[in-house]
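These notes concern the structure reproduced below.
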């Protein structure tokens, strides 16, 4: 009964007003209305999970006086969400969590949006990409895999990924270029589905995020070959067949010179004041310090780089350039629509 | 058997007082979510997900899955009372449920819907309990080609049913396909049919179309006939429930067939929507009351509800064992599992026994609790129809507007809802069937996506749809369903000829 | 009121149906046009984005042609609806249109209050106290359920800003 009581109290606290909020009095600006956290992707995806975890953490630890509301605006590969925040001039009660579609969606669809229309707040983490193959396939190393792809006629090896002209397909094209062969890229709606298609051998390899494929790895159904980052992932806890995330070599060290990480960051509408940005930066610093956040980072083997301000903005700027080049080379730019 | 022992341990977990309280709370919240259009199961679970963080994982998932059951039950209520389905899989329930309500048989329709939901879910849970590991592997065999075959079968078992002129049926269905195509093309990542408008980026959500076409269209039709609502004289007491129950066993064949269809669709995982349409279509063909379907035949409520609930429940199996969600709601539940550090997948059944069997036990109990709660409320729900039209109509209109708005938080959608309402009124008056249109909106883009994914994999060869026994047999079933009336005619002719000879 | 005269007259079913069918045909043409812009051939990645919608649009046009032919051929002289009935329908459609139109500007709550009150007074002829109870009660309940319990923000206008909600 006591547990029920505490649960109800929590629900009440969440739904009415977080009375016991404990923010330093020095904060110059504070939300006066519920804050909307826009997710430019569907319910159940990686960004959505992260947003809802943040919402849960903020509620549980009473980090804000006003409630945080998660809203999915996934239309047009997230374009709907970006345009919504772009038009939220002078509305400090709207923030957005982004993924790579911050760059790819405007480039591929030609919608009138650029990340510079928004105000960068903070980078929360970077999501890794791993090259996965079915565990029943003979290739144990990147070299085996590359040899097999080269030996097969162009286009007969199938690569599965999430979405079209987005991060997964960009990596696929980069791999094609590095190997000098062609894949057939098959887009699916979500990362979980991609992983299952790999287990069912409907595709030959994928570039899933760790969190999307870890269950199948632990079940011995898929095998990671390499990670598309500059250094191996930091988590050395054992995951499957005596290996941990840390034991997956970088693709570069295996002769596949490609690096790609995906931004999980927070932006807010244009014309945000410094006080407002500072408020959110402080908030997310507190979120990152909670054990729940660290659990999420560990289960998804995230790269936990944290950036704010000018450093963050210049990182985003570089990434935009890179995406533009990559997408141009791949022929993914919108042809005037 | 080890499973049974595990299950009893699961019951012990689920029967803890705290978990029972959580269960009841979840069901009630779920019914509210299901009744309010726009707050569908997926949204509802997503919204309430953060509230469960402070609970132990087993209690939390029990609560969330009970919200899911509640929403499944609740979806039928608005479908039957106001012709407004809150979820794609309740669309087929309106076809006969709403006519029944208009004839004053709302309580019967609700009882039949709730009971068949329960039967469908129970069947699926039993299947999960007994054959989980066997069935889980089946989902792996479903690639894009197999999925397309399933959608094809759903369309085939449904078309050719309407009595309207064939070219009007075709036109209506094609309008649905065209509306489904608006927005981002998921295969090429390109925008289409948006004509540069940012409002159209999203395409047309099924819910907005359905609220307009069915809900508003119906209110306009009622206005034309004068200010009355035929359901007003509905008799309301709990004895109706018992009386309806007495009549249900004679439809055991329909129920069983719908259960099997539902489980199959849930496991594959094509989901509850094709299951409900397929089940309705097949029931109409096979039933001896087939001609009454669409005019308020109780069997037309039983078939889709049983299948939808069986599929909705069975969809949790691939979610737990493979980590692939069978429905949007399951996708959100999946996110919840990850947040609690439970990794769905092949190892979940091995490593988290207490959790898995607690959840399965809660499926039994949650559905039972849900059935009891909603059945006792049948008279209350049916009494809503007694409220005078000039009070209930503006309230429904406002709720529809809220529903349309909260799908994408866009006021443009509210305008679209009204446009669809006028279209629905005009089309209905001009004898265009609305059901194929809605079916096409709901399944159109998924079918196209699966079709094109298959062709990508086969490098353009259509042979992929007959490349193995599984996909070929589904496709052939679809073709049989499509030409069923022709085949049937042929048989009768053959029989009369042999009889004559 | 000219109800005496307007009884038993109204637009003919034939003309309305021809109109509806033409609109559907035009819709098909728009779909075809949009598909051509998106590309309708069979590209390197299989069919292009406009491939299916193009044929869907064609189907719409063709079936509309058949339908309009059938409509014009058969004339049973029936009415679509009487003018009086249509007036009833429009007495709901037009206020709903206004409601939907002003909703983004004055917010959902205020517009719903006015809309419900209007509907009950105009069509139901209720007493003001009942009207006030329902038209004020509904938005309040909505507010509590959506904004407070489920944390779903609904459109708000100047009044809500003033109240600080």
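The values are calculated or read from the model by the stated rules, or taken from the named source; none is laboratory data. All of these numbers come straight from a predicted model, not from anything done at the bench. Every residue, glycine among them, receives a Cβ derived from its backbone with ideal geometry; neighbour counts consider all protein chains shown.
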Exercise. Take the residues of the range C:106-117 that are more than 19 Å from the chain's Cα centre (by Cα) and assigned to a helix (DSSP H, G or I): which is surrounded by the most Cβ atoms within 10 Å (Cβ to Cβ)?
Worked result: C:109
Exercise. From the residues in the range B:274-303 that are buried (at least 24 other Cβ atoms within 10 Å of the Cβ) and closer than 17 Å to residue B:434 by Cα, which one is nearest to the chain's Cα centre (by Cα)?
Worked result: B:276
Exercise. Which residues, taken from the range B:201-223, are touching a residue at least 60 places away in the same chain (Cβ under 8 Å), closer than 29 Å to residue A:84 by Cα, within 8 Å of another protein chain (Cβ to nearest Cβ) and not in a loop (DSSP other than H, G, I, E, B)?
Worked result: B:202, B:216
Exercise. Looking at the range A:58-74, which of its residues are out of contact with any strand residue (DSSP E or B) (no Cβ under 8 Å at 6 or more places or on another chain) and more than 8 Å from chain B (Cβ to nearest Cβ)?
Worked result: A:61, A:62, A:63, A:65
For this session: Output yes when any residue across the range B:238-254 is at pLDDT below 80 and either farther than 24 Å from residue B:293 by Cβ or within 14 Å of chain A (Cβ to nearest Cβ) (or both), and no when none is.
Result: yes
Seminar exercise, completed: When (1) modelled with pLDDT of 90 or more; (2) at negative phi are applied to residue A:195, the one that fails is (1)
For this session: Report yes if residue B:124 is at pLDDT 90 or above and closer than 25 Å to residue B:66 by Cβ, otherwise no.
Result: yes
Seminar exercise, completed: Residues of the range A:43-67 being farther than 19 Å from residue A:278 by Cα, outside any helix (DSSP H, G or I) and touching a helix residue (DSSP H, G or I) at 6+ places or on another chain (Cβ under 6 Å), in sequence order, are A:43, A:44
For this session: Check A:191, A:200 and return the single one that is under 20 Å from the mean Cα position of the chain (by Cα), closer than 29 Å to residue B:460 by Cα and either surrounded by fewer than 23 Cβ atoms within 10 Å (Cβ to Cβ) or within 12 Å of chain B (Cβ to nearest Cβ) (or both).
Result: A:191
Seminar exercise, completed: Scanning the range C:125-165 residue by residue, those part of a loop (DSSP other than H, G, I, E, B), at the interface with another protein chain (Cβ under 10 Å from one of its Cβ atoms), surrounded by 16 or more Cβ atoms within 10 Å (Cβ to Cβ) and at pLDDT 85 or above turn out to be C:126, C:154, C:155
For this session: Count, please, the residues in the range C:46-74 that happen to be touching a strand residue (DSSP E or B) at 6+ places or on another chain (Cβ under 8 Å) and either farther than 24 Å from residue B:185 by Cβ or within 7 Å of another protein chain (Cβ to nearest Cβ) (or both).
Result: 4
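Rundown of residues vs (1) surrounded by fewer than 16 Cβ atoms within 10 Å (Cβ to Cβ); (2) modelled with pLDDT of 90 or more, yes/no style:
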| position | (1), (2) |
| --- | --- |
| A:258 | no, yes |
| A:267 | no, yes |
| A:280 | no, yes |
| A:289 | yes, yes |
| A:292 | no, no |
| A:295 | yes, no |
| A:299 | no, no |
| A:316 | no, yes |
Seminar exercise, completed: Flagged in the range B:408-420 as touching a residue at least 12 places away in the same chain (Cβ under 8 Å), more than 22 Å from the chain's Cα centre (by Cα) and in a helix (DSSP H, G or I), in numbering order, are B:412, B:413, B:414, B:416, B:418, B:419
Exercise. Would a scan of the range B:85-106 turn up a residue that is out of contact with any strand residue (DSSP E or B) (no Cβ under 9 Å at 6 or more places or on another chain) and within 13 Å of another protein chain (Cβ to nearest Cβ)?
Worked result: no
Exercise. With (1) within 8 Å of chain A (Cβ to nearest Cβ); (2) over 16 Å from residue A:48 (Cβ atoms) as the list, and residue B:61 as the residue in question, which single condition is left unmet?
Worked result: (1)
Problem set entry | Hits in the range A:155-187 - residues which are under 29 Å from residue A:105 (Cβ atoms), more than 10 Å from chain B (Cβ to nearest Cβ) and part of a loop (DSSP other than H, G, I, E, B) | A:181, A:182
For this session: Go through the residues of the range B:437-449 one by one and say whether even a single one is surrounded by 22 or more Cβ atoms within 10 Å (Cβ to Cβ), within 8 Å of another protein chain (Cβ to nearest Cβ) and either over 23 Å from residue B:213 (Cα atoms) or modelled with pLDDT of 90 or more (or both).
Result: yes
Problem set entry | Tally of residues being surrounded by 22 or more Cβ atoms within 10 Å (Cβ to Cβ), touching a helix residue (DSSP H, G or I) at 6+ places or on another chain (Cβ under 6 Å) and part of a loop (DSSP other than H, G, I, E, B) across the range C:9-54 | 2
Seminar exercise, completed: The residue that is farthest from residue B:341 (Cα to Cα), considering only those in the range A:206-236 that are free of Cβ contacts under 8 Å to residues at least 40 places away in the same chain and part of a loop (DSSP other than H, G, I, E, B), is A:230
Exercise. Restricting attention to the range B:314-332, does a residue exist that is modelled with pLDDT of 85 or more, more than 26 Å from residue B:222 (Cα to Cα) and in a helix (DSSP H, G or I)?
Worked result: yes
For this session: Taking the residues in the range C:97-124 that are without any contact (Cβ under 8 Å) to a residue 12 or more places away in the chain and at the interface with chain B (Cβ under 8 Å from one of its Cβ atoms) as candidates, determine which candidate is farthest from residue B:223 (Cα to Cα).
Result: C:101
For this session: Would you mind stating whether residue C:79 is more than 28 Å from residue B:39 (Cβ to Cβ) and in contact with a strand residue (DSSP E or B) (Cβ under 9 Å, 6 or more places away or on another chain)?
Result: yes
Seminar exercise, completed: Among residues of the range A:87-99 being modelled with pLDDT under 90 and either surrounded by fewer than 23 Cβ atoms within 10 Å (Cβ to Cβ) or part of a strand (DSSP E or B) (or both), the residue farthest from the other protein chains (Cβ to nearest Cβ) is A:89
Exercise. Restricted to the range B:450-488, and to residues that are in contact with a strand residue (DSSP E or B) (Cβ under 9 Å, 6 or more places away or on another chain) and not in a helix (DSSP H, G or I), which residue is nearest to residue B:211 (Cα to Cα)?
Worked result: B:460
For this session: Kindly indicate which of B:405, B:432, B:425 is under 24 Å from residue C:93 (Cα atoms) and part of a loop (DSSP other than H, G, I, E, B).
Result: B:432
